[in-house]
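What follows is one structure encoded as structure tokens, with my remarks underneath.
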Amino acid sequence: MAGVSVGPEGFVVDAELLARAFALDPATVRERMRNGDITSLSETGTGDDQGRFRLTFYHGGRALRLTVDGSGTVISQATFSAHPPRPRR
């Protein structure tokens, strides 16, 4: 698959895409997601960005940000230095 699809539970991002972004193999991506070493944040666009979604994944001081449309088509992709946001209290 190596992309983003939309399933009954929402967006599904292929481990291959994350593996490339974080220089890992897909099996390691799955393991690190299960144990919480790779975290994610999803945001829904409003106003001019309605119909777009921002999916951000964090691992090891890096982030992968995907902007996708409602069908999962990747509109833009970026990797950059970042740490996951702190949980709200």
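Only the coordinates and a few stated rules stand behind these numbers; no lab work does. Predicted, not measured: the structure shown is a model, and the values here were computed from it. Glycine also receives a Cβ, built like all others from the backbone with ideal geometry; neighbour counts cover every protein chain displayed.
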Leading residue by the ranking (nearest to Arg62 (Cα to Cα)) among those in the range 29-42 that are surrounded by fewer than 16 Cβ atoms within 10 Å (Cβ to Cβ) and free of Cβ contacts under 8 Å to residues at least 24 places away in the same chain: Asp37
Search result, residues across the range 44-66 that are buried (at least 18 other Cβ atoms within 10 Å of the Cβ) and either of a type in the set (Val, Ile, Thr) or within 17 Å of Thr28 (Cβ to Cβ) (or both): Thr56, Phe57, Tyr58, His59, Leu64
Top-ranked residue of the range 26-66 - restricted to ones that are within 10 Å of the chain's Cα centre (by Cα) and hydroxyl-bearing (Ser, Thr, Tyr), ranked as nearest to Phe11 (Cα to Cα): Ser42
